[in-house]
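Q: I'd like to ask you about the structure that follows.
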Amino acid sequence: MPMKNARLTFCVLLTNPLLFPLTAKPSMDETIRSPNVIVIMADDLGAEGLNCYDSTLYTTPRLDQMAAEGALFNNAYSTPLCTPTRVMIMTGQYPNRTGFLALISKDAGARMPAKLKTFGHYFKDAGYKTAIAGKWQLGKFHEHPNQPVEHGFDEYCMWTWQNAEKKTSRFYEPEVYQNGKFIQGSETDFGPDIYTNFLLDFIDRSKDDPFFIYFPMALVHSPYVQPPSLKELGHSKYPEDLDDNHTINFGHMITYMDMIIGKFMDKLKEHGIDDNTLLIFTGDNGTGRSITSTLPGMDLPGGKGNMIESGTRVPLLCWWPGKVPAGERDEFFCLVDVLPTTASLSGIPVDDVVDGMDLSHNLLKQDGDDRDHVLMAYKSDRFVRTERFRLHSNGNFYDIPISSNKKRYSEELSTNPEHTAEKSRMQKILDDFMKIKPPEDQYLGLRGSKSKEPKSDKPTDKKAARQAKKRAKKATQQ
């Protein structure tokens, strides 16, 4: 059974004044039609990667515009690695329910099982045109060519990830799988441009009908390359003594990613459908560990792959002119909530098991049931996070209030006996969360024919938290 804090959307659909009844083919003269939904998820981008989240290093004018005109969530969370998050955001189910708790295997047969229902299914079944582009990495297309279609997408343009046991390029000279055809890009072709142009063309062709787009971007994952343009703008905030090529190129990639977001905003305005389109931007996990970003008064190394604040806190921006009031949101949001929230805002009932909550009221600044805490699962580790504390399944208890960047990223262990009652309350929540298990027949689908059930891994928080604490202390002393 789903967790207690999971919310299906049936009752909300009856009361939300911004929900629209869906018709399969709305006529052009209708004054109200179902809203379009675009979900864009950057690859390896923690919250510290955007100027609107206090970055002092990176230049992101269009995302800053999106934040200024829409909702900026200060407390949004993902898993610390791509595979668990990608399955979670599409299904609305926690990793410990789907079984995707770590990086997917490259073994033959490994894939996201077709039986897992995604937001692609929900929107397609509701009469939406659906499209996906960018990074899939949930199975090899040469082995399973129909994966996007099987998960609810009419059209697709994907980086192939693997071909003949070798990793293909996602950036320059990319190998792309587009609507059933494999396409080899040239040395001057830049993958992110191909994925973006495919979706912009989809908008041109679908502007008169309700559409749903999911864009899991290739940017800003390594390798850290120089994009085709915007170098001067991307480097504009760098200090003169910055000599880390990884960080230099990473920041340039962020600015190029930002430009792509602006293209979507401009395209929606060009067709006069920006006021009927919800645009969501987020990241799949923390920034890569070879990157050190800067926030006011502190340096912050990337936390990807670790169950710490910098590994799981991601940006979340929601832009819908005239519908989503501008301003910051301090309420918790987890990427498991994306499916039930977007379905609710689109008037689509959710009839399958979901762990996520419908948090549409947070976007709309209306009354509703907020998240009291965030739950996360990665490998053998589990945690519950509240506004002040984070408790792990190995017993580690952190006092990391969300009141400031220095505190939230400090990874300070709590030994205060006055916190015992709160720790006990959180332990009960965590105990219930740890009871969630995937179906026994799911391991073959996600690990491949040569792999066994995933082994338990040591919790990833302890060493990473200790290192993060040392870095935070050093930054404070500077």
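Q: Looking at this structure, is residue 153 in contact with a helix residue (DSSP H, G or I) (Cβ under 6 Å, 6 or more places away or on another chain) and hydrophobic (A, V, I, L, M, F, W, C)? If you could, list the steps in order and put the result at the bottom.
A: Values: in contact with a helix residue (DSSP H, G or I) (Cβ under 6 Å, 6 or more places away or on another chain): yes; hydrophobic (A, V, I, L, M, F, W, C): yes.
Yes: the conditions hold for residue 153.
Q: Here is a further query. For the range 154-195, which residues satisfy the criterion of being among the hydrophobic types (A, V, I, L, M, F, W, C), on the phi > 0 side of the Ramachandran plot and in contact with a Phe, Trp or Tyr (Cβ under 8 Å, 6 or more places away or on another chain)? Don't jump to the end; show me each part of the working.
A: Filtering the range 154-195 down to residues among the hydrophobic types (A, V, I, L, M, F, W, C) leaves 157-159, 161, 164, 171, 176, 182-183, 190, 194.
The next check asks that each one be on the phi > 0 side of the Ramachandran plot; those that pass are 161, 164.
Selection gives 161 alone.
Q: Still on this structure, I have one more. Test each condition in (1) within 25 Å of the chain's Cα centre (by Cα); (2) outside any strand (DSSP E or B) for residue 176 and report the one that comes out false.
A: That leaves (2) as the condition not met.
Q: Residues of the range 382-409 being touching a Lys or Arg at 6+ places or on another chain (Cβ under 6 Å) and within 20 Å of residue 47 (Cβ to Cβ), which ones?
A: Listed by number, the residues that qualify are 383, 398, 400, 401, 402.
Q: Kindly indicate which of 454, 401, 417 is farther than 19 Å from residue 310 by Cα and either of a type in the set (Val, Ile, Thr) or at pLDDT 65 or above (or both).
A: Numbers: 454 fails: either of a type in the set (Val, Ile, Thr) or at pLDDT 65 or above (or both); 401 fails: farther than 19 Å from residue 310 by Cα.
None of the others qualify; the one that does is 417.
Q: Within the range 105-119, which residues are over 21 Å from residue 341 (Cα atoms) and either surrounded by 24 or more Cβ atoms within 10 Å (Cβ to Cβ) or modelled with pLDDT of 95 or more (or both)?
A: Start the filter on the range 105-119 by keeping residues that are over 21 Å from residue 341 (Cα atoms), which leaves 105-115.
Within the range 105-119, 112 is the sole residue that qualifies.
Q: Within the range 150-170, how many residues are hydrophobic (A, V, I, L, M, F, W, C) and more than 21 Å from the chain's Cα centre (by Cα)?
A: 1
Q: Here is a follow-up. Return yes when residue 332 is of a type in the set (Phe, Trp, Tyr), within 17 Å of residue 71 (Cβ to Cβ) and surrounded by fewer than 24 Cβ atoms within 10 Å (Cβ to Cβ) and no when it is not. Quick ask: steps written out before the conclusion?
A: On the way: of a type in the set (Phe, Trp, Tyr): yes; within 17 Å of residue 71 (Cβ to Cβ): yes; surrounded by fewer than 24 Cβ atoms within 10 Å (Cβ to Cβ): yes.
So residue 332 passes the test.
Q: Just one of the numbered conditions (1) touching a helix residue (DSSP H, G or I) at 6+ places or on another chain (Cβ under 7 Å); (2) more than 24 Å from residue 210 (Cα to Cα); (3) not hydrophobic (A, V, I, L, M, F, W, C) is not true of residue 145; which one?
A: For residue 145, the failing item is (1).
Q: Determine which member of the set 314, 220 is under 25 Å from residue 188 (Cα atoms) and not charged (D, E, K, R).
A: Numbers: 314 fails: under 25 Å from residue 188 (Cα atoms).
Criteria check complete, one pass: 220.
To keep it simple, each residue is scored yes or no on (1) assigned to a strand (DSSP E or B); (2) buried (at least 24 other Cβ atoms within 10 Å of the Cβ); (3) touching a strand residue (DSSP E or B) at 6+ places or on another chain (Cβ under 9 Å).
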site: 310; (1), (2), (3): no, yes, yes
site: 317; (1), (2), (3): yes, yes, yes
site: 325; (1), (2), (3): no, no, yes
site: 338; (1), (2), (3): no, yes, yes
site: 350; (1), (2), (3): no, no, no
site: 356; (1), (2), (3): no, yes, yes
site: 367; (1), (2), (3): no, no, no
site: 382; (1), (2), (3): yes, yes, yes
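Q: Can you give me the number of residues within the range 156-169 that are surrounded by fewer than 22 Cβ atoms within 10 Å (Cβ to Cβ) and either touching a residue at least 40 places away in the same chain (Cβ under 8 Å) or part of a strand (DSSP E or B) (or both)?
A: 5
Q: Could you please find all residues in the range 386-436 being free of Cβ contacts under 8 Å to residues at least 40 places away in the same chain and of a type in the set (Phe, Trp, Tyr)?
A: Of everything in the range 386-436, those that are free of Cβ contacts under 8 Å to residues at least 40 places away in the same chain and of a type in the set (Phe, Trp, Tyr) turn out to be 389, 397.
Q: Among the residues of the range 133-154, write down those that are hydrophobic (A, V, I, L, M, F, W, C), under 17 Å from residue 217 (Cα atoms) and not in a loop (DSSP other than H, G, I, E, B). Lay out the reasoning, then the answer.
A: Step one: of the range 133-154, the residues hydrophobic (A, V, I, L, M, F, W, C) are 133, 136, 138, 141, 149, 153.
After this cut, where a residue has to be under 17 Å from residue 217 (Cα atoms) as well, the list is 133, 136, 138, 153.
Hit for the range 133-154 is 133, nothing else.
Q: Still on this structure, I have one more. Mind listing whichever residues of the range 291-308 are of a type in the set (A, V, I, L, M), in contact with an Asp or Glu (Cβ under 7 Å, 6 or more places away or on another chain) and surrounded by fewer than 22 Cβ atoms within 10 Å (Cβ to Cβ)? Reasoning before the result, please.
A: Going through the range 291-308, the residues of a type in the set (A, V, I, L, M) turn out to be 291, 295, 298, 300, 307-308.
From the residues that got through so far, the ones that are in contact with an Asp or Glu (Cβ under 7 Å, 6 or more places away or on another chain) too are 295, 300, 307-308.
295 - this is the single residue of the range 291-308 that is of a type in the set (A, V, I, L, M), in contact with an Asp or Glu (Cβ under 7 Å, 6 or more places away or on another chain) and surrounded by fewer than 22 Cβ atoms within 10 Å (Cβ to Cβ).
Listed here are the residues, each with its yes/no results for (1) modelled with pLDDT of 95 or more; (2) closer than 26 Å to residue 222 by Cβ; (3) touching an Asp or Glu at 6+ places or on another chain (Cβ under 6 Å).
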site	(1), (2), (3)
268	yes, no, yes
271	yes, no, no
315	yes, yes, no
323	yes, no, no
326	yes, no, yes
347	yes, no, no
352	no, no, no
358	yes, no, no
361	yes, no, no
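Q: Name every residue in the range 227-275 that is among the polar types (S, T, N, Q), surrounded by fewer than 19 Cβ atoms within 10 Å (Cβ to Cβ) and in contact with a helix residue (DSSP H, G or I) (Cβ under 9 Å, 6 or more places away or on another chain), in order of residue number. Can you show your working first?
A: Quick first cut of the range 227-275, residues among the polar types (S, T, N, Q) only: 229, 236, 245, 247, 249, 255.
When the remaining residues are screened for being surrounded by fewer than 19 Cβ atoms within 10 Å (Cβ to Cβ), the result is 229, 236, 245.
If the condition is that a residue be among the polar types (S, T, N, Q), surrounded by fewer than 19 Cβ atoms within 10 Å (Cβ to Cβ) and in contact with a helix residue (DSSP H, G or I) (Cβ under 9 Å, 6 or more places away or on another chain), then 229, 236 are the ones that fit.
Q: Same structure, new question: Would you confirm whether or not the range 372-391 contains a residue that is among the aliphatic types (A, V, I, L, M), modelled with pLDDT of 95 or more and under 23 Å from residue 55 (Cα atoms)? Write out each step before concluding.
A: Initial filter on the range 372-391 (among the aliphatic types (A, V, I, L, M)): 374-377, 384, 391.
Still in the list and also modelled with pLDDT of 95 or more: 374-377, 384, 391.
Filter once more, keeping what is under 23 Å from residue 55 (Cα atoms): none.
Taking every residue of the range 372-391 in turn, none turns out to be among the aliphatic types (A, V, I, L, M), modelled with pLDDT of 95 or more and under 23 Å from residue 55 (Cα atoms).
Q: Sticking with this one: For a quick check of your reading of the model, give me the residue pairs whose first member lies in the range 280-294 and is among the hydroxyl-bearing types (Ser, Thr, Tyr), whose second is part of a strand (DSSP E or B), with beta-carbon atoms closer than 6 Å and at least 6 apart or on different chains.
A: As it stands, the answer is 282/41; 282/314; 282/316; 292/299; 292/301; 293/300, since those pairs meet every condition given.
Q: Considering only residues that are hydrophobic (A, V, I, L, M, F, W, C) and surrounded by fewer than 19 Cβ atoms within 10 Å (Cβ to Cβ), which ones fall in the range 398-429? Before you say what the answer is, go through the steps one by one.
A: First pass over the range 398-429, keeping only residues hydrophobic (A, V, I, L, M, F, W, C): 400, 402, 413, 421, 426, 429.
Correct list: 402, 413, 421, 429.
The values are calculated or read from the model by the stated rules, or taken from the named source; none is laboratory data. Values in this document were obtained by computation on a predicted structure and should not be read as measured data. Ideal geometry is used to build each Cβ from the backbone, glycine not excepted, and the neighbour counts take in all protein chains shown.
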